[in-house]
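The values are calculated or read from the model by the stated rules, or taken from the named source; none is laboratory data. What you see is a predicted model; the values in this text were computed from it and never measured. Cβ placement follows ideal geometry from the backbone for every residue including glycine, while neighbour counts extend to all protein chains displayed. Areas reflect the complete protein model, heavy atoms only, side chains present, ligands, DNA and RNA absent. Shrake-Rupley method; radii C 1.70, N 1.55, O 1.52, S 1.80 Å.
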Amino acid sequence: MSKDQKSNVQRIATILKGFDANNTPRRTHDILEDLGVTRSTGFGLLRAMVSAGWLERFDHGSLRLGPKACGLVFAALEVPEYQDARTLAATPISRSKLELAMPDLEWDPRLVRTVDASRFRRRAPYRIGFSNASTTNAWRRAMLQSMYYAEKISQAQIGEFLVRDAQDDPELQLHQIDELVREGIDLLLISITSVNDTALGERLNYLADEGLPIVAVDRRPNDRSSLVSFVTASDHRIGRISALWLAEQLKGRGRVWMLSGLEGASPALRRQQAALAVFSEFPGIRVENVSYTDWTEGSGYRVMDKLLDEARRTPDGVWCDSGLQGVGSLRRFIDGGGSIPAHTGGDLNEMYKLCLHHKVPMAALDYPASMGARALEIALDVLGGSTLPQRVEEPVRIVLPRGCETASVKADIWAERHVAWDLGNETVLSQGPALRAPKPSSKRNAS
Amino acid sequence: MTHSAYSRAVELFDALIHAPDKAPHATPAGLIQAAGIPSSSGYRHVAALEAEGFLRRNPAGTYLAGNSAIRTGFSGFGLGNVAPLSQPILLRLRQATQHTAFLAIVRDLDLHMGPYSVGRETRGTNLQPFYGFESIPNLSIGRPEETVLRSQNEQVVRRTGTLLAPVSSTRESLVVLGLILQPGWGATDQLIQSLESASQQITEALEGR
């Protein structure tokens, strides 16, 4: 869409976004030139905005943001689920318990480091390329869907969105990156196939040196110097909170089996390390084994089958870093009959369905697939020349069934509310509004 | 196009941008209805504002103020560099303390409430866009101070207990990070430590540039 097809409402947004962080006054002439409208339309809008207080006159011929624009700073960052008593009637925490329960703040200084992207500023519409590691599991497909949702929302700014699927092959990914560059992309989004692949890392460094802005999502190269920003979620938090919940659910005593995701994958490693650190703080918790499952249901089932066969007694708790394999473990217990131990791991709708249906105590922290949409938003911020964080973490919410809160781990949302009974088992609930949006046409899918 | 058409566009923008403040809306139709604008053009405007980042949707689809809106608000005070720090700091602080965490700007002894994340321990306290101070506070960078704020709604004056830690100052404004306190309770050592730790993060990030 060209600029002259914008509505006046959208032009107002564009005008407000045109002021810098210091609210430096802008000449009316410059504002109108950026807006690309006739003088009569431009002056009409500016007069109306000044009259309503969105802008104020600073000097002859200059304008800056006015008091009404300042009022936009008052904004809720989240919709608090627990404001609705019907949906989350959580017991208020007593003061003494709260003192005990308050976990340490884990500050990652990278979250508050910012980068000035003004050198990448250019005019829309943009051509953006996404080099995706793979679409092999439900989560990765959900992440891509959330990106398509963001593309649809921002179609006025995105002239072309080119997606390539590297099928977990670093060599193919390298080839596809070159292909995207040849097609003249303004920015490269990447979810890397292999964090240690030297050729990929070197190519990204070369492209960054040549002036191509690069934003990573979910998986980044070990050397992050080529990146403008990295969009992710806290694996450490997922591992730590889920382990803390399991240890407290077992009242500090019991046998735990750990089912991790893909061996060598950094999210699996970080979650596992964080969980092991928590379990080590509980002398009565015994971690009997750690297995890898490739984040698949089938592997989760087979691993649990083998472990049960060897141990001949069920564990007190099963720690899974995701529901992708957690559903396999649950299915094995269901097929075997008898009681099902407490489980951790979210992501898949089926995990919630099974735990709620069979009344299995569970704790879940979904790794947000909505980071796909966030990555595209960040890409647009980069090309818009904004100042933005070097690392962007999508919030990870704690999901618990009613009655499953522990002294330290409180629900951000009840599992009973989070589950989508009307949607399929493979649905990844953390993909955001893309979840119920119409699917994109096949011609825009990954090549 | 007449002058009133431009004013009407400004009114539409205002109505849509503030509709999420009043009640949660999970559909464009709900937002359009709450804003009181015609549905014929409403969908296009909602989509445009979402594309410009003035509106965003959370994982449940509910509309919230977008990052561009918050950034514009901070920029209006000449403090746009604070905007990218607000979400990570406030969400962590809220998760760690279960108290409502906020950023605010103090100018001419008025407190302009900024972005906030509601904690379950203080969910009963509805935040207002403006506050005054009950007494002149003794605020200095990095030092949390229990401070009572006053807000007036019609003829009713409400007192709100807070713990405030200034994180940055300019010639005209002071940026403060704060926690809402439970009515009748003072600040605990843990709340003070958490706020100190969080405010230090922001101060260091801002000074680092």
(message) For a bin width of 5 Å, list the pair-distance distribution of the range B:11-109 built from all Cα-Cα distances, rounded to whole %.
(response) 2, 12, 20, 21, 18, 14, 9, 4, 1
(message) I need the phi-derived Karplus couplings for the range A:420-430: 6.51 cos²θ - 1.76 cosθ + 1.60, θ = phi - 60°, integer Hz, Gly and Pro marked x.
(response) 10, 5, 7, 10, x, 4, 7, 4, 9, 6, 8
(request) When you have a sec, figure out the Kirkwood radius of the range A:321-385 from all distinct Cα pair distances and drop it here in Å to one decimal? (result) 13.4
(message) Using the alpha carbons of chain B, what is the convex hull volume per residue in cubic angstrom, as a whole number?
(response) 153
(message) I need the Kirkwood Rh of the protein assembly as shown: take the reciprocal of the average 1/r across all distinct C-alpha pairs and report it in angstrom.
(response) 25.9
(message) Out of the total accessible area of chain A (probe 1.4 Å, heavy atoms of protein only), what percent is carbon and sulfur?
(response) 47
(message) Compute the angle between helix A:235-249 and the longest alpha-carbon principal axis of chain A, please, reported from 0 to 90 degrees and rounded to the nearest 10.
(response) 40
(request) Considering Cα pairs under 8 angstrom that are at least six residues apart, work out the relative contact order of chain B and quote it in whole percent. (result) 13
(message) Past 26 Å, Cα to Cα: identify those pairs from A:Lys152/A:Lys353; A:Lys353/B:Lys22; A:Lys17/B:Lys22, in the order given.
(response) A:Lys152/A:Lys353; A:Lys353/B:Lys22
(request) Take every Cα pair under 8 Å in chain A that's 6+ residues apart, average their separations, divide by the length, and report that relative contact order as a whole percent. (result) 18
(request) Grab the beta carbon distance between A:Thr198 and A:Ser339, set R0 = 45 Å, and tell me the FRET efficiency rounded to 0.05. (result) 0.35
(request) Might you report the magnitude of the Cβ-based charge dipole of the range B:62-209 about its Cα centre, with Lys and Arg at +1 and Asp and Glu at -1, to the nearest 20 debye? (result) 340
(request) Can you pull out the buried accessible area for chains A and B, both sides counted, probe 1.4 Å, rounded to the nearest 100 Å²? (result) 7300
(request) For the range A:361-374, take each phi angle, set θ = phi - 60°, evaluate the Karplus expression 6.51 cos²θ - 1.76 cosθ + 1.60, and give the result in whole Hz per residue in order, putting x for glycine and proline. (result) x, 8, 9, 9, 10, 5, 6, x, 5, 5, 5, x, 5, 5
(request) Report which residues of the range B:93-130 become buried by 40 Å² or more of accessible surface when going from the isolated chain to the complete set of protein chains (1.4 Å probe; DNA, RNA and ligands ignored). (result) B:Arg94, B:Gln95, B:Ala96, B:Gln98, B:Tyr116, B:Val118, B:Arg120, B:Glu121, B:Arg123
(message) Given the DSSP H assignment, sum -39500 (n - 2.57) over each helix run of at least 4 residues in the protein assembly as shown and divide by its residue total; what's the result at 222 nm in deg cm²/dmol, nearest 500?
(response) -12000 deg cm²/dmol
(request) Report, by chain and number, residues whose modeled amide H sits under 5 Å from the one on A:Thr387, excluding near sequence neighbours (fewer than 5 apart, same chain). (result) A:Ala117
(request) Give me the accessible area of B:Tyr43, 1.4 Å probe, in Å² rounded to the nearest 10. (result) 120
(request) Could you give the size of the charge dipole of the protein assembly as shown about its Cα centre, using +1 on the Cβ of each K and R and -1 on the Cβ of each D and E, expressed in debye and rounded to the nearest 20? (result) 1240
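Using the heavy atoms of the protein chains and a 1.4 angstrom probe, tell me the accessible area per residue for chain A in square angstrom.
Per residue, chain A has 41 Å² of solvent-accessible surface.
Net charge near A:Arg127, counting Lys/Arg +1 and Asp/Glu -1 over other residues with Cβ under 10 Å of its Cβ?
Every neighbour counted, the sum reads -3.
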(request) Using only alpha carbon positions, build the gyration tensor of the range A:3-70, then give the equivalent ellipsoid semi-axes as the square roots of 5 times its eigenvalues, largest first, whole angstrom. (result) 17, 12, 12
(message) Given a 10 angstrom Cα cut-off, can you work out which residue in A:Leu429, A:Leu200, A:Leu144 is the most mobile in a GNM of chain A?
(response) A:Leu200
(request) Only counting protein heavy atoms at a 1.4 Å probe, give the residues of the range A:112-137, ordered by number, whose accessible area falls by 10 Å² or more when the other protein chains are present relative to the chain alone. (result) A:Val112, A:Thr114
(message) How large is the translational diffusion coefficient of the range B:88-209 in µm² per second when you combine the Kirkwood radius over alpha carbon pairs with Stokes-Einstein at 10 °C and 1.306 mPa s?
(response) 111
(request) Write down Rg/Rh for the range B:111-183, rounded to two decimals, with Rg from the C-alpha atoms and Rh from the Kirkwood relation over Cα pairs. (result) 0.95
(message) Based on C-alpha coordinates, I'd like the Rg and Dmax of the range B:3-65, in Å.
(response) 11.0, 39
(request) Rounded to the nearest Å, what's the spacing between the alpha carbon centres of the range B:50-78 and the range B:114-158? Just the number, please. (result) 23
(request) Enumerate the calculated ³J(HN,Hα) couplings along the range A:163-174 in order (Karplus 6.51 cos²θ - 1.76 cosθ + 1.60, θ = phi - 60°), each rounded to whole Hz, writing x wherever the residue is Gly or Pro. (result) 10, 10, 10, 8, 6, 6, 10, x, 5, 5, 5, 4
(message) Between B:His18 and B:Val148, how high is the FRET efficiency from 1/(1 + (r/R0)^6) when r is the Cβ-Cβ distance and R₀ = 30 Å? Nearest 0.05.
(response) 0.60
(request) Using 0.36 nm per residue of separation minus the Cα-Cα distance, give me the extension gain between A:Arg417 and A:Glu281 in nm, one decimal. (result) 45.8 nm
(message) Could you tell me the center-to-center distance, by alpha carbons, between the range A:299-360 and the range A:114-171 in angstrom?
(response) 35
(request) Report the relative contact order of the range B:3-65, percent, no decimals, based on alpha-carbon pairs under 8 angstrom and at least 6 residues apart. (result) 34
(request) At 1.4 Å probe size, with no ligands or nucleic acids counted, give the accessible surface of A:Ser51 in Å², nearest ten. (result) 100
(request) Can you tell me the 0 to 90 degree angle between the C-alpha axis of helix A:198-209 and the longest principal axis of chain A, rounded to 10? (result) 20
(request) Extending each Cα 7 Å along its Cβ direction at B:Gln128 and A:Asn222, get the distance between those two points in nm, one decimal. (result) 5.7
